[in-house]
1. What number of residues in segment 342-364 are part of a helix (DSSP H, G or I) and closer than 22 Å to SER410 by Cα?
2. Kindly check whether there is at least one residue in segment 249-270 that is in the same structural domain as PHE326 (by TED's automatic domain parsing), in contact with a Phe, Trp or Tyr (Cβ under 8 Å, 6 or more places away or on another chain), free of Cβ contacts under 8 Å to residues at least 40 places away in the same chain and buried (at least 20 other Cβ atoms within 10 Å of the Cβ).
3. Quick one: GLU275 ticks every box in (1) surrounded by 15 or more Cβ atoms within 10 Å (Cβ to Cβ); (2) part of a loop (DSSP other than H, G, I, E, B) except a single one, so which number is it?
4. Test LYS8 against the stated conditions and say whether it is surrounded by fewer than 17 Cβ atoms within 10 Å (Cβ to Cβ) and either of a type in the set (D, E, K, R) or at pLDDT 95 or above (or both).
5. On the given criteria, is GLY199 more than 13 Å from the chain's Cα centre (by Cα) and either at positive phi or modelled with pLDDT of 90 or more (or both)?
6. LYS367 - would you say it is free of Cβ contacts under 8 Å to residues at least 24 places away in the same chain, charged (D, E, K, R) and part of a helix (DSSP H, G or I)?
7. What number of residues in segment 1-30 are among the small types (Gly, Ala, Ser) and farther than 15 Å from VAL53 by Cβ?
8. Considering only segment 166-188, state which residues are at positive phi and either touching a residue at least 60 places away in the same chain (Cβ under 8 Å) or buried (at least 22 other Cβ atoms within 10 Å of the Cβ) (or both).
Amino acid sequence: MIKATIIKEDFKNGKYNELLKDIYVDESLIDYQQTRYIKAIEKYIDLYGDTDVEIYSAPGRSEVGGNHTDHQHGCVLAAAVNLDAIAVVGRNNNIIKVLSDDFDIAPIDLNDLEIKKDEIGTSEALIRGVCSRLKELGYTIGGFNAFITSDVLMGAGLSSSAAFETIIGTIISGLYNDMKIDPVLIAQVGQYAENVYFGKPCGLMDQCASSVGSLINIDFKDVEKPVVVKVEVDFSKFGHSLCIVDTKGSHADLTDEYAAIPSEMKKVANYFGKEFLREVDEEAFFNDIAGVREVCKDRAVLRAIHLFAENKRVEGQVEALNTSDFEEFKKLIKASGDSSYKFLQNVYANCDVQNQSVSIGLAMSEKIIGENGVCRVHGGGFAGTIQAFVKDEFVPIYKEKIEKVFGKDSCHVLKVRKYGGMKVL
(Lines give C-alpha, C1' and ligand atoms only; values in the text may rest on other atoms or scores of the structure.)
Protein backbone atom coordinates (compact mmCIF):
# COMPACT_ATOMS: atom_id res chain seq x y z
CA MET A 1 0.00 0.00 0.00
CA ILE A 2 1.06 3.59 -0.64
CA LYS A 3 -0.01 6.85 1.00
CA ALA A 4 -2.99 8.46 -0.74
CA THR A 5 -1.22 11.80 -1.27
CA ILE A 6 1.73 10.10 -2.98
CA ILE A 7 -0.53 8.26 -5.43
CA LYS A 8 -2.39 11.52 -6.08
CA GLU A 9 0.85 13.30 -7.00
CA ASP A 10 1.88 10.40 -9.23
CA PHE A 11 -1.40 10.71 -11.12
CA LYS A 12 -0.87 14.48 -11.47
CA ASN A 13 2.61 13.88 -12.86
CA GLY A 14 1.32 11.46 -15.50
CA LYS A 15 3.03 8.41 -14.01
CA TYR A 16 -0.01 6.23 -14.66
CA ASN A 17 -1.08 7.53 -18.09
CA GLU A 18 0.00 4.36 -19.89
CA LEU A 19 -1.85 2.26 -17.31
CA LEU A 20 -5.00 4.33 -17.86
CA LYS A 21 -4.71 3.86 -21.63
CA ASP A 22 -4.30 0.11 -21.12
CA ILE A 23 -7.40 -0.10 -18.91
CA TYR A 24 -9.72 2.28 -20.76
CA VAL A 25 -8.50 1.50 -24.33
CA ASP A 26 -9.28 5.00 -25.61
CA GLU A 27 -6.36 7.47 -25.53
CA SER A 28 -8.77 10.42 -25.63
CA LEU A 29 -10.01 9.39 -22.16
CA ILE A 30 -6.67 9.71 -20.36
CA ASP A 31 -7.18 13.31 -19.18
CA TYR A 32 -10.72 12.53 -18.00
CA GLN A 33 -9.61 9.42 -16.11
CA GLN A 34 -6.58 11.16 -14.63
CA THR A 35 -8.82 13.91 -13.22
CA ARG A 36 -11.39 11.34 -12.07
CA TYR A 37 -8.83 9.31 -10.12
CA ILE A 38 -7.32 12.44 -8.53
CA LYS A 39 -10.77 13.64 -7.38
CA ALA A 40 -11.56 10.18 -5.97
CA ILE A 41 -8.32 10.14 -3.97
CA GLU A 42 -9.00 13.68 -2.67
CA LYS A 43 -12.48 12.60 -1.60
CA TYR A 44 -11.05 9.58 0.21
CA ILE A 45 -8.57 11.81 2.07
CA ASP A 46 -11.41 14.18 3.07
CA LEU A 47 -13.40 11.25 4.43
CA TYR A 48 -10.76 9.02 6.03
CA GLY A 49 -7.46 10.91 6.12
CA ASP A 50 -4.18 10.42 4.28
CA THR A 51 -3.83 6.67 4.89
CA ASP A 52 -2.19 3.89 2.91
CA VAL A 53 -4.53 2.95 0.08
CA GLU A 54 -5.10 0.65 -2.86
CA ILE A 55 -7.29 1.36 -5.90
CA TYR A 56 -9.69 -1.10 -7.52
CA SER A 57 -11.88 -1.07 -10.64
CA ALA A 58 -14.85 -3.06 -11.93
CA PRO A 59 -16.39 -2.41 -15.37
CA GLY A 60 -19.92 -2.18 -16.58
CA ARG A 61 -20.98 -4.66 -19.18
CA SER A 62 -22.76 -4.74 -22.48
CA GLU A 63 -24.83 -7.79 -23.31
CA VAL A 64 -24.07 -8.51 -26.96
CA GLY A 65 -26.14 -11.70 -27.32
CA GLY A 66 -28.31 -13.89 -25.12
CA ASN A 67 -31.14 -11.62 -23.94
CA HIS A 68 -32.64 -13.21 -20.81
CA THR A 69 -31.03 -16.62 -21.32
CA ASP A 70 -28.69 -16.84 -18.33
CA HIS A 71 -31.39 -17.52 -15.73
CA GLN A 72 -32.47 -20.54 -17.81
CA HIS A 73 -28.89 -21.93 -17.88
CA GLY A 74 -28.50 -20.70 -21.45
CA CYS A 75 -25.71 -19.11 -23.49
CA VAL A 76 -24.65 -15.47 -23.62
CA LEU A 77 -22.14 -13.21 -25.31
CA ALA A 78 -21.14 -10.24 -23.17
CA ALA A 79 -18.45 -7.58 -23.11
CA ALA A 80 -16.82 -5.57 -20.36
CA VAL A 81 -16.89 -1.91 -21.40
CA ASN A 82 -14.71 1.07 -20.56
CA LEU A 83 -17.16 2.60 -18.10
CA ASP A 84 -16.39 1.45 -14.57
CA ALA A 85 -16.64 1.86 -10.83
CA ILE A 86 -13.37 2.73 -9.09
CA ALA A 87 -12.67 2.45 -5.39
CA VAL A 88 -9.99 4.09 -3.27
CA VAL A 89 -9.61 1.75 -0.30
CA GLY A 90 -7.82 1.61 3.05
CA ARG A 91 -7.90 -1.16 5.64
CA ASN A 92 -10.21 -0.98 8.65
CA ASN A 93 -10.59 -3.46 11.50
CA ASN A 94 -13.96 -5.16 11.35
CA ILE A 95 -16.18 -2.53 9.75
CA ILE A 96 -16.81 -1.81 6.09
CA LYS A 97 -17.56 1.88 5.53
CA VAL A 98 -18.34 3.00 2.00
CA LEU A 99 -19.35 6.31 0.49
CA SER A 100 -20.50 5.70 -3.09
CA ASP A 101 -20.42 9.00 -4.96
CA ASP A 102 -22.80 11.10 -2.82
CA PHE A 103 -24.58 8.10 -1.30
CA ASP A 104 -23.56 7.43 2.31
CA ILE A 105 -23.88 3.69 2.87
CA ALA A 106 -24.41 2.60 6.49
CA PRO A 107 -21.41 0.84 8.09
CA ILE A 108 -21.42 -2.97 7.85
CA ASP A 109 -20.26 -4.80 10.98
CA LEU A 110 -18.60 -8.04 9.86
CA ASN A 111 -19.66 -9.69 13.13
CA ASP A 112 -23.25 -9.44 11.90
CA LEU A 113 -23.76 -10.86 8.43
CA GLU A 114 -27.33 -12.13 8.81
CA ILE A 115 -29.94 -11.15 6.20
CA LYS A 116 -31.74 -7.93 7.19
CA LYS A 117 -35.30 -7.58 5.90
CA ASP A 118 -35.10 -3.79 6.15
CA GLU A 119 -32.00 -3.82 3.86
CA ILE A 120 -33.72 -5.52 0.90
CA GLY A 121 -33.04 -3.48 -2.25
CA THR A 122 -30.11 -1.55 -0.71
CA SER A 123 -26.34 -1.28 -1.20
CA GLU A 124 -25.94 -2.42 2.41
CA ALA A 125 -27.58 -5.73 1.46
CA LEU A 126 -25.13 -6.25 -1.42
CA ILE A 127 -22.06 -5.63 0.76
CA ARG A 128 -23.35 -7.82 3.59
CA GLY A 129 -24.31 -10.58 1.13
CA VAL A 130 -20.92 -10.61 -0.61
CA CYS A 131 -19.04 -10.77 2.70
CA SER A 132 -21.33 -13.43 4.15
CA ARG A 133 -20.93 -15.72 1.14
CA LEU A 134 -17.15 -15.30 0.91
CA LYS A 135 -16.81 -16.10 4.61
CA GLU A 136 -19.06 -19.13 4.20
CA LEU A 137 -16.83 -20.33 1.34
CA GLY A 138 -13.78 -20.15 3.59
CA TYR A 139 -12.16 -16.93 2.39
CA THR A 140 -10.71 -14.31 4.72
CA ILE A 141 -12.83 -11.20 5.07
CA GLY A 142 -11.96 -7.94 6.77
CA GLY A 143 -12.97 -4.33 7.13
CA PHE A 144 -12.11 -1.38 4.94
CA ASN A 145 -12.93 2.27 4.29
CA ALA A 146 -13.70 3.12 0.70
CA PHE A 147 -14.78 5.91 -1.56
CA ILE A 148 -16.37 4.46 -4.69
CA THR A 149 -17.27 6.50 -7.75
CA SER A 150 -18.93 5.06 -10.84
CA ASP A 151 -19.59 6.24 -14.37
CA VAL A 152 -21.55 3.06 -15.16
CA LEU A 153 -25.04 4.33 -15.95
CA MET A 154 -27.35 3.64 -13.03
CA GLY A 155 -30.38 1.55 -13.98
CA ALA A 156 -29.56 1.72 -17.67
CA GLY A 157 -28.66 -1.79 -18.73
CA LEU A 158 -24.88 -1.59 -18.24
CA SER A 159 -25.24 -3.27 -14.88
CA SER A 160 -24.14 -0.81 -12.23
CA SER A 161 -25.21 -3.25 -9.50
CA ALA A 162 -22.96 -6.01 -10.91
CA ALA A 163 -20.03 -3.57 -11.05
CA PHE A 164 -20.70 -2.67 -7.40
CA GLU A 165 -20.87 -6.32 -6.30
CA THR A 166 -17.75 -7.13 -8.32
CA ILE A 167 -15.74 -4.27 -6.86
CA ILE A 168 -16.66 -5.28 -3.29
CA GLY A 169 -15.65 -8.89 -3.99
CA THR A 170 -12.44 -7.77 -5.72
CA ILE A 171 -11.51 -5.49 -2.79
CA ILE A 172 -11.90 -8.43 -0.37
CA SER A 173 -9.84 -10.58 -2.76
CA GLY A 174 -7.09 -7.94 -2.93
CA LEU A 175 -6.94 -6.78 0.68
CA TYR A 176 -7.29 -10.14 2.39
CA ASN A 177 -6.76 -12.97 -0.14
CA ASP A 178 -3.80 -11.88 -2.31
CA MET A 179 -6.13 -11.46 -5.34
CA LYS A 180 -6.53 -15.26 -5.42
CA ILE A 181 -10.35 -15.44 -5.50
CA ASP A 182 -11.34 -16.64 -8.97
CA PRO A 183 -13.21 -13.96 -10.99
CA VAL A 184 -16.02 -16.42 -11.84
CA LEU A 185 -16.45 -17.16 -8.13
CA ILE A 186 -16.59 -13.41 -7.37
CA ALA A 187 -19.36 -13.23 -9.98
CA GLN A 188 -21.26 -16.11 -8.34
CA VAL A 189 -20.91 -14.45 -4.95
CA GLY A 190 -22.27 -11.20 -6.39
CA GLN A 191 -25.25 -13.04 -7.83
CA TYR A 192 -25.86 -14.71 -4.45
CA ALA A 193 -25.83 -11.32 -2.73
CA GLU A 194 -28.28 -9.88 -5.26
CA ASN A 195 -30.61 -12.90 -5.14
CA VAL A 196 -30.61 -13.67 -1.41
CA TYR A 197 -29.79 -10.38 0.36
CA PHE A 198 -30.91 -7.71 -2.13
CA GLY A 199 -34.00 -9.65 -3.22
CA LYS A 200 -33.66 -9.52 -7.03
CA PRO A 201 -33.81 -12.82 -8.98
CA CYS A 202 -31.05 -11.97 -11.49
CA GLY A 203 -29.01 -14.42 -13.53
CA LEU A 204 -25.20 -14.61 -13.55
CA MET A 205 -24.29 -12.91 -16.82
CA ASP A 206 -23.90 -9.35 -15.52
CA GLN A 207 -21.58 -10.29 -12.70
CA CYS A 208 -19.55 -12.67 -14.90
CA ALA A 209 -18.98 -10.07 -17.61
CA SER A 210 -17.95 -7.44 -15.04
CA SER A 211 -15.69 -9.74 -13.05
CA VAL A 212 -13.99 -11.65 -15.91
CA GLY A 213 -13.63 -8.84 -18.46
CA SER A 214 -13.06 -8.81 -22.24
CA LEU A 215 -15.62 -10.22 -24.75
CA ILE A 216 -16.78 -13.53 -23.34
CA ASN A 217 -19.04 -16.37 -24.41
CA ILE A 218 -20.58 -17.98 -21.33
CA ASP A 219 -22.44 -21.29 -21.25
CA PHE A 220 -24.45 -21.58 -18.03
CA LYS A 221 -25.53 -25.22 -18.52
CA ASP A 222 -23.78 -25.98 -15.22
CA VAL A 223 -24.18 -22.79 -13.19
CA GLU A 224 -21.80 -24.08 -10.52
CA LYS A 225 -19.08 -24.24 -13.18
CA PRO A 226 -20.08 -21.99 -16.10
CA VAL A 227 -17.90 -22.38 -19.18
CA VAL A 228 -16.34 -18.97 -19.89
CA VAL A 229 -14.47 -18.55 -23.18
CA LYS A 230 -12.88 -15.28 -24.28
CA VAL A 231 -13.67 -14.34 -27.88
CA GLU A 232 -10.49 -12.84 -29.26
CA VAL A 233 -11.76 -10.19 -31.64
CA ASP A 234 -10.93 -6.54 -32.28
CA PHE A 235 -14.21 -4.73 -32.99
CA SER A 236 -12.37 -1.74 -34.43
CA LYS A 237 -11.19 -3.76 -37.44
CA PHE A 238 -14.82 -4.15 -38.54
CA GLY A 239 -15.25 -0.38 -38.82
CA HIS A 240 -18.16 -0.27 -36.36
CA SER A 241 -18.57 1.26 -32.90
CA LEU A 242 -20.67 0.02 -30.01
CA CYS A 243 -23.14 2.74 -29.04
CA ILE A 244 -25.26 2.54 -25.91
CA VAL A 245 -28.12 5.04 -25.78
CA ASP A 246 -29.71 5.93 -22.46
CA THR A 247 -33.41 6.43 -23.25
CA LYS A 248 -33.92 7.90 -19.76
CA GLY A 249 -36.65 5.45 -18.77
CA SER A 250 -36.76 4.55 -15.08
CA HIS A 251 -36.35 1.01 -13.73
CA ALA A 252 -38.26 1.97 -10.59
CA ASP A 253 -41.13 -0.39 -9.77
CA LEU A 254 -40.18 -2.82 -12.55
CA THR A 255 -38.89 -5.68 -10.38
CA ASP A 256 -42.13 -7.64 -10.92
CA GLU A 257 -41.79 -7.24 -14.71
CA TYR A 258 -38.23 -8.64 -14.60
CA ALA A 259 -39.17 -11.44 -12.21
CA ALA A 260 -42.04 -12.55 -14.46
CA ILE A 261 -39.64 -13.53 -17.28
CA PRO A 262 -37.72 -16.30 -15.45
CA SER A 263 -40.91 -17.27 -13.62
CA GLU A 264 -42.86 -17.83 -16.85
CA MET A 265 -39.97 -19.62 -18.55
CA LYS A 266 -39.64 -21.93 -15.55
CA LYS A 267 -43.36 -22.61 -15.67
CA VAL A 268 -42.92 -23.97 -19.21
CA ALA A 269 -39.92 -26.02 -18.05
CA ASN A 270 -41.97 -27.42 -15.16
CA TYR A 271 -44.68 -28.48 -17.62
CA PHE A 272 -42.09 -30.85 -19.10
CA GLY A 273 -40.87 -31.95 -15.67
CA LYS A 274 -37.73 -29.80 -15.83
CA GLU A 275 -36.52 -26.90 -13.70
CA PHE A 276 -35.01 -24.75 -16.47
CA LEU A 277 -35.89 -24.30 -20.14
CA ARG A 278 -32.34 -25.25 -21.20
CA GLU A 279 -33.23 -28.81 -20.14
CA VAL A 280 -36.38 -29.00 -22.28
CA ASP A 281 -36.28 -30.64 -25.71
CA GLU A 282 -37.23 -27.99 -28.27
CA GLU A 283 -39.00 -30.44 -30.58
CA ALA A 284 -41.08 -31.77 -27.69
CA PHE A 285 -42.05 -28.20 -26.81
CA PHE A 286 -43.27 -27.36 -30.31
CA ASN A 287 -45.05 -30.72 -30.67
CA ASP A 288 -47.09 -30.01 -27.53
CA ILE A 289 -47.60 -26.26 -27.93
CA ALA A 290 -51.38 -26.50 -27.51
CA GLY A 291 -50.95 -28.17 -24.14
CA VAL A 292 -48.30 -25.68 -23.05
CA ARG A 293 -50.58 -22.78 -24.00
CA GLU A 294 -53.42 -24.17 -21.95
CA VAL A 295 -51.38 -24.65 -18.79
CA CYS A 296 -48.75 -21.87 -19.02
CA LYS A 297 -50.63 -19.23 -21.08
CA ASP A 298 -49.49 -17.51 -24.23
CA ARG A 299 -46.88 -15.03 -23.02
CA ALA A 300 -44.93 -17.83 -21.33
CA VAL A 301 -45.03 -19.79 -24.60
CA LEU A 302 -43.75 -16.81 -26.59
CA ARG A 303 -40.95 -16.22 -24.09
CA ALA A 304 -39.94 -19.88 -24.39
CA ILE A 305 -39.85 -19.53 -28.20
CA HIS A 306 -37.45 -16.61 -27.75
CA LEU A 307 -35.22 -18.63 -25.42
CA PHE A 308 -34.79 -21.60 -27.76
CA ALA A 309 -33.87 -19.38 -30.71
CA GLU A 310 -31.71 -16.96 -28.71
CA ASN A 311 -29.38 -19.71 -27.49
CA LYS A 312 -28.74 -20.69 -31.12
CA ARG A 313 -28.18 -17.05 -32.10
CA VAL A 314 -25.41 -16.68 -29.50
CA GLU A 315 -23.60 -19.66 -31.02
CA GLY A 316 -24.02 -18.06 -34.46
CA GLN A 317 -22.72 -14.70 -33.26
CA VAL A 318 -19.58 -16.25 -31.81
CA GLU A 319 -18.96 -18.19 -35.02
CA ALA A 320 -19.51 -15.05 -37.12
CA LEU A 321 -17.00 -13.07 -35.05
CA ASN A 322 -14.45 -15.89 -35.10
CA THR A 323 -14.68 -16.03 -38.91
CA SER A 324 -14.74 -12.20 -39.25
CA ASP A 325 -18.20 -12.28 -40.86
CA PHE A 326 -19.45 -9.03 -39.39
CA GLU A 327 -22.44 -8.77 -41.72
CA GLU A 328 -23.75 -12.11 -40.41
CA PHE A 329 -23.04 -10.93 -36.87
CA LYS A 330 -25.15 -7.81 -37.45
CA LYS A 331 -28.00 -9.85 -38.91
CA LEU A 332 -28.03 -11.96 -35.75
CA ILE A 333 -27.98 -8.85 -33.55
CA LYS A 334 -31.03 -7.53 -35.38
CA ALA A 335 -32.76 -10.91 -35.16
CA SER A 336 -32.13 -10.98 -31.42
CA GLY A 337 -33.66 -7.52 -31.04
CA ASP A 338 -36.70 -8.47 -33.11
CA SER A 339 -37.22 -11.59 -30.99
CA SER A 340 -36.92 -9.61 -27.75
CA TYR A 341 -39.59 -7.20 -29.00
CA LYS A 342 -42.05 -9.77 -30.42
CA PHE A 343 -41.62 -12.85 -28.26
CA LEU A 344 -39.71 -12.00 -25.06
CA GLN A 345 -41.69 -8.75 -24.81
CA ASN A 346 -39.26 -6.79 -22.63
CA VAL A 347 -39.18 -3.53 -24.58
CA TYR A 348 -41.86 -1.82 -22.49
CA ALA A 349 -43.78 -2.64 -19.34
CA ASN A 350 -47.41 -3.73 -19.52
CA CYS A 351 -48.00 -1.92 -16.23
CA ASP A 352 -47.10 1.42 -17.87
CA VAL A 353 -47.84 1.33 -21.60
CA GLN A 354 -47.79 5.12 -21.98
CA ASN A 355 -44.05 5.20 -21.26
CA GLN A 356 -42.13 3.44 -24.04
CA SER A 357 -38.77 5.16 -24.19
CA VAL A 358 -36.95 2.03 -25.40
CA SER A 359 -39.48 1.58 -28.22
CA ILE A 360 -38.95 5.21 -29.25
CA GLY A 361 -35.18 4.69 -29.13
CA LEU A 362 -35.40 1.66 -31.41
CA ALA A 363 -37.81 3.34 -33.85
CA MET A 364 -35.68 6.48 -34.13
CA SER A 365 -32.43 4.50 -34.36
CA GLU A 366 -33.74 2.42 -37.26
CA LYS A 367 -34.82 5.60 -39.02
CA ILE A 368 -31.51 7.40 -38.39
CA ILE A 369 -29.14 4.49 -39.02
CA GLY A 370 -30.76 2.97 -42.10
CA GLU A 371 -28.14 0.71 -43.71
CA ASN A 372 -25.36 2.06 -41.47
CA GLY A 373 -25.84 -0.38 -38.60
CA VAL A 374 -28.27 -2.31 -36.42
CA CYS A 375 -29.91 -1.79 -33.02
CA ARG A 376 -31.64 -3.81 -30.31
CA VAL A 377 -32.97 -3.58 -26.77
CA HIS A 378 -30.10 -3.84 -24.32
CA GLY A 379 -29.93 -5.77 -21.08
CA GLY A 380 -32.94 -6.48 -18.92
CA GLY A 381 -35.20 -4.22 -20.94
CA PHE A 382 -38.48 -2.44 -20.12
CA ALA A 383 -36.58 0.82 -19.57
CA GLY A 384 -33.02 2.10 -19.82
CA THR A 385 -30.82 1.56 -22.83
CA ILE A 386 -30.65 0.35 -26.39
CA GLN A 387 -27.55 -0.93 -28.14
CA ALA A 388 -26.43 -0.08 -31.66
CA PHE A 389 -23.52 -1.22 -33.78
CA VAL A 390 -22.90 1.74 -36.06
CA LYS A 391 -20.39 2.28 -38.88
CA ASP A 392 -17.56 4.45 -37.56
CA GLU A 393 -18.01 7.17 -40.15
CA PHE A 394 -21.72 7.41 -39.30
CA VAL A 395 -21.32 7.54 -35.50
CA PRO A 396 -21.16 11.39 -35.27
CA ILE A 397 -24.40 11.70 -37.28
CA TYR A 398 -26.14 9.01 -35.22
CA LYS A 399 -24.95 10.51 -31.94
CA GLU A 400 -26.10 14.01 -32.92
CA LYS A 401 -29.54 12.91 -34.10
CA ILE A 402 -30.35 10.43 -31.33
CA GLU A 403 -29.29 12.98 -28.69
CA LYS A 404 -31.91 15.36 -30.10
CA VAL A 405 -34.41 12.77 -28.86
CA PHE A 406 -32.89 11.84 -25.48
CA GLY A 407 -30.65 14.77 -24.62
CA LYS A 408 -26.96 15.68 -24.60
CA ASP A 409 -24.55 12.85 -23.73
CA SER A 410 -27.29 10.20 -23.84
CA CYS A 411 -25.32 8.30 -26.52
CA HIS A 412 -22.19 6.59 -25.22
CA VAL A 413 -19.61 5.38 -27.73
CA LEU A 414 -17.85 2.56 -25.91
CA LYS A 415 -14.87 0.24 -26.20
CA VAL A 416 -14.55 -3.35 -25.03
CA ARG A 417 -12.01 -3.46 -22.20
CA LYS A 418 -9.86 -6.51 -21.53
CA TYR A 419 -9.89 -6.31 -17.74
CA GLY A 420 -12.69 -7.32 -15.41
CA GLY A 421 -12.55 -6.67 -11.67
CA MET A 422 -8.96 -5.63 -10.98
CA LYS A 423 -6.53 -4.02 -8.58
CA VAL A 424 -5.38 -0.87 -10.39
CA LEU A 425 -2.71 0.05 -7.82
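The values are calculated or read from the model by the stated rules, or taken from the named source; none is laboratory data. All figures in this text were calculated on a predicted structure; none of them were measured in a lab. Counting neighbours? That spans all protein chains shown, and the Cβs are built from the backbone with ideal geometry, glycine included.
1. Pass one, segment 342-364, residues part of a helix (DSSP H, G or I): 342-344, 350-352, 357-364.
Pick out the ones that are also closer than 22 Å to SER410 by Cα and you get 357-364.
Number of matching residues: 8.
2. Yes: one or more hits.
3. (1)
4. Working: surrounded by fewer than 17 Cβ atoms within 10 Å (Cβ to Cβ): no; either of a type in the set (D, E, K, R) or at pLDDT 95 or above (or both): yes.
So LYS8 does not fit the description; no.
5. Numbers: more than 13 Å from the chain's Cα centre (by Cα): yes; either at positive phi or modelled with pLDDT of 90 or more (or both): yes.
For GLY199, the condition - more than 13 Å from the chain's Cα centre (by Cα) and either at positive phi or modelled with pLDDT of 90 or more (or both) - is met.
6. Details: free of Cβ contacts under 8 Å to residues at least 24 places away in the same chain: yes; charged (D, E, K, R): yes; part of a helix (DSSP H, G or I): yes.
Answer is yes for this residue.
7. Taking segment 1-30 and keeping what is among the small types (Gly, Ala, Ser), we get 4, 14, 28.
Applying the additional criterion that residues be farther than 15 Å from VAL53 by Cβ yields 14, 28.
Total meeting the criteria: 2.
8. MET179
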